[in-house]
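Colleague: There's a structure below that I have some questions on.
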Amino acid sequence: MGRTVKDPNRRQPKPVQKVQLSEKNVGRRIVLVVLFLAIGSGFLVYGFMNFLRGDSGWREISVKAGSELNCSEDFTLKYNVGAGGVSAGGEAKALSLIYTDAAVKGYRLFNIDESFDDVTNLYDINQHPNEVMTVDPVLYDALKKVSDANCREIYLGPLYASLENLCMSNDDAAAAQFDPEKDDDAAEEAAAVAAFAQNPDDISMEFPGENQVCLHVSDAYQAYAAEMGYTAYLDFFWMKNAFLIDYLADMIRGEGYQLGIISSKDGFVRCLDETGKKEYQYPLYHLSGNEIQSHGTMMYEGPKSIVFFHAYQAGSPDTYRYYQYQDGTMRTPYLSASDGKDHTAASELIVYSGEYGCADTLLAAFFDYQAESLSGELLKTLASQKIYSVWFENNEIQTTDGKFSVTAVNK
């Protein structure tokens with residue numbers, strides 16, 4: 001079943017029109033395009049990785065050629081093959097096999113568009129409300145995490161689908177028809193779905209046994225979903241890669257491989273290195289006015305999980321999660337279950353931890369990022385839990401990490 005927001009005969013977008021961009025917005029748009037290209041191709045390519053000639057050294061590990069559909073397109077795995085004294089070629093081949101299997105399985109588990117014979121996935125759960133489903137431990141743990149964190153944004157599946165339609169629109173007029181800030185029907189829909197998402201009596205998850213989950217959906221919500229043509233109640237959406245990168249990292253580390261780093265194109269990082277012998281870098285950017293400025297690179301040692309909240313496009317997965325109107329207004333994927341609309345407290349926030357994976361780190365900081373503004377006191381509370389933050393105030397770097405180190409910007 002396709003990912004459709006509602007009946008295709010209802011509120012169709014207007015025909016595509018060619019729009020002449022306002023000159024005053026060209027600069028900002030160019031800046032974002034330049035950033036998109038830079039980040040999409042090299043945002044998480046680290047300065048320390050001067051690949052060695054020969055077999056040993058840092059190497060990008062790819063999935064096997066001809067493998068089944070998988071999630072590797074959103075990720076980059078680099079590993080210091082041969083550093084442990086074993087054959088570099090043999091290590092690279094073994095890593096590729098592990099990575100391929102995990103990437104295929106991860107793609108299937110978190111898929112909301114189709115079912116697969118070998119797994120019970122999100123699609124199956126969405127299509128069988130009020131039924132107890134036995135799922136893979138990976139998906140069980142992911143759903144249990146968001147439930148325990150009371151992150152009810154996972155129940156905004158219909159609105160994420162609508163946001164995708166908005167972000168894939170060809171012009172502002174088409175986009176506005178899916179925007180609750182600009183269209184009465186869209187506003188009514190956002191409010192209705194948010195009201196259902198907020199209410200545990202309308203939608204909730206129960207975990208009755210080992211690796212078992214039951215998505216409870218009220219008769220009223222099922223009736224409304226049928227009327228609107230919704231195909232998914234649950235959707236990790238922009239959070240999905242945080243859970244996937246943890247799964248990929250845990251599979252690789254679980255096989256004894258720790259001299260590597262996995263990054264996603266939308267800003268998540270899992271550094272597996274526990275040796276303390278290598279210093280890694282993470283680039284720092286800040287949107288100031290209409291310009292995205294480089295503020296050097298953050299230096300850190302592994303192991304580390306890094307999460308990047310950002311109110312602008314920062315990688316290829318963001319193309320269907322963000323939309324910029326001609327006047328510079330941005331729509332982001334950070335929808336709130338409180339009203340079904342997107343909320344961001346700052347242009348960016350980086351949170352990281354050596355104790356937790358990306359998913360736990362994200363869930364700990366997400367509500368702070370959705371506040372009216374970033375609170376240094378709340379971020380200090382996170383630091384007491386060994387989750388540290390980097391953000392900007394008046395174009396100056398702020399951090400809760402006493403060991404924070406940053407290199408100067410190259411002129």
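Colleague: Arg108 fails exactly one of the following numbered conditions: (1) part of a loop (DSSP other than H, G, I, E, B); (2) within 23 Å of Tyr140 (Cβ to Cβ). What is the number of that condition?
Modeller: Only one criterion in (1) part of a loop (DSSP other than H, G, I, E, B); (2) within 23 Å of Tyr140 (Cβ to Cβ) is unmet by Arg108, namely (1).
This table checks each residue for (1) open to solvent by 20 Å² or more (accessible area, probe 1.4 Å); (2) farther than 30 Å from Ala249 by Cα; (3) among the small types (Gly, Ala, Ser).
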{"position": "Ala142", "(1), (2), (3)": "no, no, yes"}
{"position": "Ile154", "(1), (2), (3)": "no, no, no"}
{"position": "Gly157", "(1), (2), (3)": "no, no, yes"}
{"position": "Tyr160", "(1), (2), (3)": "no, no, no"}
{"position": "Pro180", "(1), (2), (3)": "yes, yes, no"}
{"position": "Glu189", "(1), (2), (3)": "no, yes, no"}
{"position": "Glu210", "(1), (2), (3)": "yes, no, no"}
{"position": "Val213", "(1), (2), (3)": "no, no, no"}
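Colleague: Collect the residues in segment 181-223 that are within 21 Å of Asp342 (Cβ to Cβ) and in contact with a strand residue (DSSP E or B) (Cβ under 7 Å, 6 or more places away or on another chain), keeping them in residue-number order.
Modeller: Those that are within 21 Å of Asp342 (Cβ to Cβ) and in contact with a strand residue (DSSP E or B) (Cβ under 7 Å, 6 or more places away or on another chain): Phe196, Ala197, Ile203.
Colleague: Is it fair to say Glu91 is assigned to a helix (DSSP H, G or I) and touching a Gly at 6+ places or on another chain (Cβ under 7 Å)?
Modeller: Values: assigned to a helix (DSSP H, G or I): yes; touching a Gly at 6+ places or on another chain (Cβ under 7 Å): yes.
For Glu91, the condition - assigned to a helix (DSSP H, G or I) and touching a Gly at 6+ places or on another chain (Cβ under 7 Å) - is met.
Colleague: Which of the numbered conditions does Gly84 fail, given that it passes all the others? Conditions: (1) outside any helix (DSSP H, G or I); (2) open to solvent by less than 40 Å² (accessible area, probe 1.4 Å).
Modeller: Gly84 satisfies every listed condition except (2).
Colleague: Taking Ser347, is it surrounded by fewer than 21 Cβ atoms within 10 Å (Cβ to Cβ) and within 14 Å of the chain's Cα centre (by Cα)?
Modeller: Details: surrounded by fewer than 21 Cβ atoms within 10 Å (Cβ to Cβ): yes; within 14 Å of the chain's Cα centre (by Cα): no.
No: the conditions fail for Ser347.
Colleague: Show the residue pairs that are 6+ apart or on different chains and have beta-carbon atoms under 8 Å apart, the first residue being within segment 92-107 and farther than 26 Å from Asp124 by Cα, the second being assigned to a helix (DSSP H, G or I).
Modeller: Leu95/Ile252
The values are calculated or read from the model by the stated rules, or taken from the named source; none is laboratory data. The structure presented is a predicted model; accordingly, all values stated were derived computationally and were not measured. When we count neighbours, we look across all protein chains shown, and the Cβ atoms used for this are built from the backbone with ideal geometry, even at glycine. The area values use the complete protein model at the heavy-atom level, side chains included, leaving out ligands, DNA and RNA. Shrake-Rupley method; radii C 1.70, N 1.55, O 1.52, S 1.80 Å.
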